[in-house]
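See structure below.
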């Protein structure tokens, strides 16, 4: 029985799923799993327990980013997938906690990868 991921806010659920479920599709393809979203509950199913665990970890960590008020894009999901496959998913939230600067329009600029974050701190 898959573990259900509960999402408190419907807007957060929509942000996590992406437009036309594009975020979910990326995660499904990357880990060869099936993700079922119903209302504010998300379940991950797959043949390999490790793949299901990694996919759930990506979803949970992306949800933490969303809960902090950041909006996520396809590139963010791709970065999270890569981090999960490299065993670094627990550092995803760190990338969004630190603001580097703001652009001319006031948009926050953050490191998008661990490599960028390490480069900034050298």
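Kindly state, to the nearest 0.05, the FRET efficiency for residue 91 paired with residue 40, given R0 = 25 Å and r defined as their beta-carbon distance.
0.40
Applying 1/(1 + (r/R0)^6) with R0 = 30 Å to the Cβ-Cβ distance of residue 116 and residue 3, what FRET efficiency is obtained, to the nearest 0.05?
The formula returns an efficiency of 0.40 here.
In whole Å, what is the distance between the alpha-carbon centres of the range 37-74 and the range 1-31?
A separation of 6 Å, based on Cα centres.
Test of understanding: what is the full-extension gain from residue 102 to residue 71, defined as 0.36 nm times their sequence separation minus their Cα-Cα distance?
Taking 0.36 nm per residue and subtracting the Cα distance, the gain is 9.6 nm.
With angles folded into 0 to 90 degrees, how steeply does helix 49-67 sit against the dominant principal axis of the chain? Use alpha carbons for both and round to 10.
Relative to the chain, helix 49-67 is tipped by roughly 50 degrees.
How far is helix 74-85 tilted, in degrees, relative to the longest principal axis of the Cα atoms in the chain, given as a value from 0 to 90 rounded to the nearest 10?
Helix 74-85 sits at roughly 70 degrees to that axis.
Quick one: 60, 100, fewest Cβ neighbours within 10 Å first, how do they rank?
Placing the least packed residue first, the sequence is 100, 60.
All of the numbers you see were taken from the coordinates with simple rules; none came from a lab. Small disclaimer: the values here were computed from a predicted structure and weren't measured. All Cβ positions, even for glycine, are placed from backbone atoms using ideal geometry, and neighbour counts span all protein chains on display.
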